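The values are calculated or read from the model by the stated rules, or taken from the named source; none is laboratory data. Fair warning: this is a prediction, and the values are worked out from it, not measured in the lab. Reconstructed Cβ throughout: ideal geometry from the backbone, glycine too, with neighbour counts over all protein chains shown. Ligands, DNA and RNA are stripped out before the accessible areas are found, and what is left, the full protein with its side chains, is counted by its heavy atoms. Shrake-Rupley method; radii C 1.70, N 1.55, O 1.52, S 1.80 Å.
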Amino acid sequence: MNEEILKALNKQLNQELQNAYLYLSMAAFFDERSLTGFSHYFKVQAKEELGHAMKFYEYIVDRGGAVELYDVPAPSKKWSSIMDAIREFYDAEVSNTKRIWELVNIARKHEDKATEAFLQWFINEQVEEEKNASELLAKVKLIGDNVAAILTLDRALAERK
Ligand code: FEO
């Protein structure tokens, strides 16, 4: 596999791990506030990100490349409010979409059809990821400081599969 593509794939593998770490940190943030539905939602999200990282891992191995794991920086966990945390969730997903699209451009530049086809799953997944994050952000904005509504949303988020 082309060196630039391999490097970009490894970078994205590590980015997915970083996102898993970020969402696990959000889960802990909500657990500390006894919002166990929010926490559950982000534990599921963290597992999804690990799954994404593993897709990159397996693809790199399948193409005969070497997997490289970087240091994962500690996420902040210093959100000032529920909305502040959820906004970071949304921003992280928008940034991730940009990275995936950039990866597609790199694959195209080198005419690597296999990598382009592999990335198609992630293009579709990011549509879903951004939709979920933006819907959650909209709900959190809507309910503001209404405690009853926050607890109702917390119960709904506990149902995430
Ligand atoms: Fe791996 Fe949330 O994108």
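When each of A85, A149, A92, A74 is tested for being away from the ligand (no atom under 16 Å from the Cβ) and modelled with pLDDT of 95 or more, the lone residue that passes is A149.
Take the residues in the range 16-25 that are open to solvent by less than 40 Å² (accessible area, probe 1.4 Å) and under 12 Å from the mean Cα position of the chain (by Cα), then tell me which one is nearest to T115 (Cα to Cα).
Here the answer is E16.
Kindly provide the set of residues from the range 48-99 that are assigned to a helix (DSSP H, G or I) and out of contact with any helix residue (DSSP H, G or I) (no Cβ under 7 Å at 6 or more places or on another chain), ordered by number.
E48, G51, M54, K55, E58, V61, D62, D84, E88, D91, S95, K98
The residues of the range 83-122 that are in contact (Cβ under 8 Å) with a residue 24 or more places away in the chain and of a type in the set (A, V, I, L, M), listed by number, are M83, A85, I86, A92, V94, I100, L103, I106, A107, A114. Scanning the range 100-127 for residues that are of a type outside the set (A, V, I, L, M, F, W, C) and either more than 9 Å from the ligand (Cβ to nearest atom) or outside any helix (DSSP H, G or I) (or both) yields E102, N105, R108, K109, H110, E111, D112, K113, T115, E116, Q120, N124. Within the option set K113, K98, K139, being within 20 Å of F42 (Cα to Cα) and open to solvent by 20 Å² or more (accessible area, probe 1.4 Å) holds for one residue only, K139. Scanning the range 36-59 for residues that are in contact (Cβ under 8 Å) with a residue 60 or more places away in the chain, of a type in the set (A, V, I, L, M, F, W, C) and buried (at least 20 other Cβ atoms within 10 Å of the Cβ) yields a total of 1.
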